[in-house]
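The values are calculated or read from the model by the stated rules, or taken from the named source; none is laboratory data. Quantities reported herein were computed from a predicted structural model and do not represent experimental measurements. Using ideal geometry, Cβ is built from the backbone for each residue, glycine included, and neighbour counts are taken over all protein chains shown.
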Amino acid sequence: MSDQIRSSILRHLRYSLGISESQAALADWRTALSLALRDLAMDPWLEAEKRATDEDRKRVYYLSMEFLTGRLIEDAAINLGVRTEAVVALDSLGVSFADLVAGEPDPALGNGGLGRLAACYLESMSTLGLPAYGYGLRYERGLFRQSFDEGRQVEHPDEWLGDGSPWSLGKPETTHRVSFGGSLDGETWNPESSIVAGAFDTPVAGYGGRWVNTLRLWAATADANLLDLGRFNSGDFFGAADAETWAKTLSRVLYPADETDLGKRLRLSQEYFLTSASVQDLLERFTSSHTDLERLPEFVAIQMNDTHPAIAGPELIRLLIDEHGFSFDRAADVAVDVLGYTNHTLLPEALEHWSVDLMGSLLPRHLQIIEKLDARIHTTYGPAADNVHLIDHGQVRMGDLAAWTSHRVNGVSALHSELVKTDLFEALDELEPGRIVNVTNGITPRRWLKLANPALANLITETIGSGWETDLDRLRALEAHADDPAFLDAFGRAKHAAKQVFLDWARETHGIDMPHDALYDAQIKRIHEYKRQLLNILWTISRYQQIKKDPQGAWVPRVKIFGGKAAPSYAVAKDIIRLVNDVAEVVNNDPETKDLLRIVFVPNYNVTAAEKLIPAADLSEQISTAGMEASGTGNMKFALNGALTIGTLDGANVEIRDEVGPDNFFLFGLTTEEVAERREQEGHARAAIEASCVLREVLDAIAAGAFSPDEPGRYAGILDLVWNSDWFLVASDFDAYDSAQQVVDQTYREPQEWQRKAVLNIARMGFFSSDRAIREYMSEIWNVGPTF
Ligand SMILES: *Cc1c(COP(=O)(O)O)cnc(C)c1O
C-alpha cells in the first residue's frame, strides 16, 4: 500500500500539479498527498452514493451555517486506514509527514462548539454508514486569526483557501438559483434578483473507509447575467460589477459572533442562500428517482443545526406549493415530518429574530407563509396556543418557527433539554408532548483520541485491544487497570509525552515556553461572560497573592492555560482577554512566582490548537454559570484524554459527573435553581465580595492598577460589573471555586490517586461518543436504520 501511495503522490505531483520532484516545495508535496488520499476515498465515495440510490435509502441532510472540520489530511489517512503507509511513502521520498501536516491550513468555517459538533456528527454518520450530506457555506474567509498586541486581541483575515483546497471538488454542473426581494402578486412571488449557488464537495470518510459521505459547501458564483454589459461597454467598469460584487459577498465571510443574534440583512441573506440551495438540491435528488413528493418524509430527513437554517420550513413549503402544486396544509404537514431542529442555546441574545420589514423586503413569500403557519397553529390548538407567536412585536421569531415546523426539537444535554421544555417552548411541550427530546452531544473518538493523542491511544490499544475506536464503551475495560501501578505509570508517561508535544508546538508556533513538570490547568473555549474566564483569572490572581505571602509554601506548580477568541464587537470579552494577558505579564516575570505559577494565553484557539492542548491537560475548567452552557463538548474531549474536570452542574457536565462518578470530578458552585434565586437578591454581588477577603483583595489589586500600572483605571468597567450587577455570579461562586481548587491541589499531590481518577474518567467516557449521539438521532428523530 505504501508503494501505491508513493507512486500516486509522484503522479499527482507531476501530472496534476505540473511540478517535478526536484522542484517540489513542502506545500506541493502536501497537495500531492492530499490528492493521493482523495483518490483512495473516491471509490467508496462513489459507491456509497450509488448504493444509497440503488437501495432507495433514506438520506439525512444536516444543514449548518458552520462546519469546523479541522485539518483534513491526517484524519482522512487514519479513517482510510493508511496513516502508517502514508508516513512510509513520504519517508521514502525524503519528506516528513509531520512537517507536511504541521503546515496544513485549518479551515475555520465555524465559531466554536456548534460548528465542531457538525463536523463530529458528519464523521460519525460516515462511520456508521448512514447516507448523509452536510450542507454549509464555503466562506472565502473563515473565522479571523487572532494575535495579541500589548495584550489586546487583534483580528486578521483567515486565508484558508490559499493552498487551493485540494480536498474540495468543484461541481460546476451542480448549481441552484436563489432569489431575493421583489414583490408578491397574491401568492406569486416576483423576485427582484437572484444569485447562483455552486457546489463544492469534500469527502468525509468514516472510520475503516467503508463509507464516505459528502460535505457540500455552497459558494455564491458570478452569474453571467450579473455583469451589466451595457454599463461595462459604456465604460462604467466598476458600476457594471455592482450586482456581481453583492452576489459574491454572500459567501465572503463567516460572521464572527458566537451566541449573539445580529439581525443583519447580509446574515439573513446568507442563511437563506444556504437553506434554499440545499433544499432545492435535495428535492432535485429526490425527484430524479421518485414521483410522489407526499412520500418525502420516508426518504428525507433534514436536521437544522440551531435556528440559522430555520427558513427551511417556509422554503420547503414554498417549493411544494409554488412548484409542485401542493395545498398549503399538505405542504406544511410534509415539512414538519421531514424537519428536525436542534436547539443550542437559551440565551435570549442568541435567539434569532428578524424584523417583519426586513423579512418582508428580502423574502416576501416566506413572510406570507410564516403568517399562515402562525394562523394554522391557532386554528389547530385554539386558546391553548394563545401564547405562541411566530411573529411578535414586529419580529419573526426563528426559534418558534423552527420548533413549530419540526416533528422533533432536541436539546443537547439532559439539563438543557429540560430547560428547553420548561423555559423556552413550554406551550409546544404541553400541546405536543414528546416532541421535545434530548440528544446529549458527543465527540468523535477518532479525531479527539486516536489522532490527537497517539501516546494514550496506543497505550489503550496495548491494554484492552483495538475496537474502542468504533465502540467507545469498550474503554470500560480500563477500569480493571485503574489500581495497577504499572499501568498508572504508563498512563503518566503518556501524559508526559503529550505535554512534550504541546510544549514543542507552543514554542515553535507561538514562541511560548512553560515548565514541563506542573499541573496543566486549561480553559479553552470562546470568550464569553457566561463561560466565566473572569472567575478563572480572578482566582489565578488570588493564587499569585497567596504565593507572594508565602513563597516557601508547598505550592503545587501550575500552568494556567487560556485560549479562545472574542467576537470583535464584544467589548467585555475583549477586556477579559486583555486582563488575562496583563496578569500574565506580571506573574510570569516575577522571579518569586514564575516557577510556581505561569499563565499562558495560547493565541488563535482553533481545532489544531485543541488537538495539541487537550491531551496535555491535567485539569479541565468547565465553570460556566449553571443553566447557561447548553452542553459543551470541550468538557468531553478533556475527560476522554484523562483530564479531571473542575466544574459546575451545567450542560453535559452533569452527565459527565454521573458517568465518571462524583469522586472523580471537582464540583462547585450554585445550581441552576440557586442561580435564579440569587439573581433575585438585591446586592448579591456586593454581599458576596464583602464576605470573601480573598476576592476582595483580588479586586482591590486590579482597581489599584497592579496589572495595568500605566493605566490603573483600565478595568474599571469589569470591576463595576462584578461589584454592581454580576449577572454571571462570579462573586457568588468565587469561594466555592477556591475551595474546589484547594481539593484539586491536595489530590494532585498524590500522583497515583490523581492518575487513578484520570483513568476512571477515560474508562467511563464511552457515552460521549458522537456515534452514540448519532444513533439516538437515527432512532428518535430521523427514523433511519443502521447500514452495517
Ligand atoms: C470543542 C471545541 C469548541 C467547543 O468548546 P466548549 O468548551 O464546549 O465551548 C470550540 N472550539 C473548538 C476549536 C473546539 O475544538
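Structural remarks
- So Ile623, is it under 20 Å from the mean Cα position of the chain (by Cα) and away from the ligand (no atom under 11 Å from the Cβ): no
- Pairs linking a residue in segment 621-648 that is closer than 22 Å to Lys499 by Cα to a residue that is crowded, with 24+ Cβ neighbours inside 10 Å and among the basic types (Lys, Arg), with Cβ atoms under 6 Å and 6 or more positions apart or on different chains, are Gly634/Lys525.
- Considering segment 556-569, the residues that are in a loop (DSSP other than H, G, I, E, B) and away from the ligand (no atom under 16 Å from the Cβ) include one that is nearest to Asp158 (Cα to Cα), namely Pro568.
- Of the numbered criteria (1) farther than 27 Å from Ala335 by Cβ; (2) touching a Gly at 6+ places or on another chain (Cβ under 6 Å), the one Glu469 fails is (2).
The rows are residues; the columns are (1) over 30 Å from Tyr15 (Cα atoms); (2) of a type outside the set (A, V, I, L, M, F, W, C).
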| position | (1), (2) |
| --- | --- |
| Ser34 | no, yes |
| Glu47 | no, yes |
| Ala52 | yes, no |
| Val60 | yes, no |
| Arg71 | no, yes |
| Ala77 | no, no |
| Val101 | no, no |
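- Scanning segment 700-750 for residues that are assigned to a loop (DSSP other than H, G, I, E, B) and aromatic (Phe, Trp, Tyr) yields Phe707, Trp727, Phe728.
- Annotation note: Cβ proximity below 8 Å between a residue of segment 30-57 that is over 29 Å from Ala89 (Cβ atoms) and in contact (Cβ under 8 Å) with a residue 60 or more places away in the chain and a residue that is in a helix (DSSP H, G or I) and of a type outside the set (A, V, I, L, M) (sequence gap 6+ or interchain) occurs for Asp56/Phe299; Arg57/Arg51; Arg57/Phe299.
- The set of residues in segment 525-555 that are assigned to a loop (DSSP other than H, G, I, E, B) and surrounded by fewer than 20 Cβ atoms within 10 Å (Cβ to Cβ) comprises Asp550, Pro551, Gln552, Gly553, Ala554, Trp555.
- Of everything listed in (1) in contact with a strand residue (DSSP E or B) (Cβ under 9 Å, 6 or more places away or on another chain); (2) modelled with pLDDT of 95 or more; (3) at positive phi, the single unmet condition for Ser147 is (3).
- Residue check for Ile656: within 20 Å of the chain's Cα centre (by Cα), more than 11 Å from the ligand (Cβ to nearest atom) and not basic (Lys, Arg): yes
- Cβ-Cβ under 7 Å pairs, at least 6 apart or on other chains, segment 600-615 side over 20 Å from Ala497 (Cα atoms), far side near the ligand (Cβ under 8 Å from one of its atoms) and in a strand (DSSP E or B): Tyr605/Ile524
- Checked against (1) in a loop (DSSP other than H, G, I, E, B); (2) touching an Asp or Glu at 6+ places or on another chain (Cβ under 6 Å), Ile5 passes all but condition (1).
- When residues in segment 509-555 are screened for being more than 16 Å from the ligand (Cβ to nearest atom) and basic (Lys, Arg), 3 of them pass.
- Any hit, segment 55-62, residues being outside any helix (DSSP H, G or I), more than 22 Å from the chain's Cα centre (by Cα) and at positive phi: yes
Matching residues to (1) of a type in the set (A, V, I, L, M); (2) closer than 30 Å to Lys531 by Cα:
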{"residue": "Arg38", "(1), (2)": "no, no"}
{"residue": "Met42", "(1), (2)": "yes, no"}
{"residue": "Gly70", "(1), (2)": "no, yes"}
{"residue": "Pro107", "(1), (2)": "no, yes"}
{"residue": "Gly115", "(1), (2)": "no, yes"}
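- Looking at segment 85-167, the strands (runs of 3 or more DSSP E) lying wholly inside it that each contain 2 or more residues that are more than 16 Å from the ligand (Cβ to nearest atom) and buried (at least 24 other Cβ atoms within 10 Å of the Cβ) sit at 132-137.
- Within segment 63-81, restricting attention to residues that are acidic (Asp, Glu) and part of a helix (DSSP H, G or I), the residue that is farthest from the ligand (Cβ to nearest atom) is Glu74.
- Segments classed as helices (runs of 4 or more DSSP H), wholly inside segment 570-655, with at least 1 members that are surrounded by fewer than 24 Cβ atoms within 10 Å (Cβ to Cβ) and polar (S, T, N, Q): 571-588, 607-613
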